[in-house]
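Let me begin by presenting the structure, written as structure tokens, before commenting on it.
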Ligand SMILES: [Mn+2]
């Protein structure tokens with residue numbers, strides 16, 4: 001705690017995740033410095049909104065209604081509240097897989113994405129899983145051991161799916 005000062009007692013999963021791109025950027029965002037809005041980010045949020053608007057089936061609607069009451073999703077560690085909400089959920093019976101959307105220009109950007117951004121997305125989805133696990137359990141659901149990062153192009157074309165498993169309990173304290 002001391003390192004970040006007494007004031008900051010909460011952060012967001014996507015802020016923590018930026019550590020894997022640039023530790024300095026991560027620290028500044030953690031301290032409350034606002035990230036700049038860029039054209040790329042705007043294009044990304046258009047894709048995000050479009051993906052988020054997909055029609056939901058009955059099972060999903062039921063879970064989403066239950067989750068709505070639990071918002072904002074948050075879990076505490078070392079006296080710091082970590083907030084985060086995954087982009088989407090997939091429900092199979094009572095098992096829930098979390099999804100995170102990312103967007104890039106196209107297929108040719110995937111090698112860049114895998115080198116610099118996938119590590120952040122991996123951290124992000126794992127933190128979401130850690131946050132949502134007890135909440136889903138409370139609601140009578142089970143978190144899937146797999147979380148997914150789905151990469152789309154800015155014009156909405158599906159490019160690639162990456163699968164991650166949650167950080168092992170025994171490593172988690174060191175990680176956060
Ligand atoms: Mn996203």
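Since every read-out is calculated from the coordinates, none of them should be taken as a lab result. What you see is a predicted model, and the numbers here were worked out from it, not measured in a lab. Here the Cβ positions follow ideal geometry from the backbone for every residue, glycine too, while neighbour counts run over all protein chains shown.
With both residues required to sit in the chain, DSSP beta bridges show an antiparallel share near 60%. Normalised by 2.2 N^0.38 Å, where N is the number of residues, the alpha-carbon radius of gyration of region 68-131 equals 1.34. Neighbour counts of C-beta atoms inside 10 Å place 166, 129 in the sequence 166, 129, starting with the fewest.
Residue separation times 0.36 nm, minus the C-alpha to C-alpha distance between residue 139 and residue 61: what's the value? Don't skip to the end; give the middle numbers.
Values: separation 78, 0.36 × 78 = 28.08 nm, distance 1.39 nm.
Going from the current span to full extension adds 26.7 nm.
Scaled against the 2.2 N^0.38 Å expected of a compact globular protein of N residues, the Cα radius of gyration of region 1-84 reads 1.37. Residue order for 69, 163, fewest other beta carbons within 10 angstrom first, comes to 69, 163. The chain has equivalent-ellipsoid semi-axes of 24, 23, 15 Å, by the square roots of 5 times the alpha carbon gyration tensor eigenvalues, sorted largest first.
Would you mind giving the average projected area, over all directions, of the Cα convex hull of region 90-172 in nm² with one decimal? Walk me through the numbers on the way to the answer.
Working: hull surface 23.6 nm².
So the Cα hull casts an average projection of 5.9 nm².
Once both labels are positioned 7 Å from their Cα atoms along Cα-to-Cβ, the gap between residue 37 and residue 21 label points is 1.7 nm.
The distance between label points at residue 90 and residue 50 comes to 2.1 nm (points 7 Å beyond Cα on the Cα→Cβ vector).
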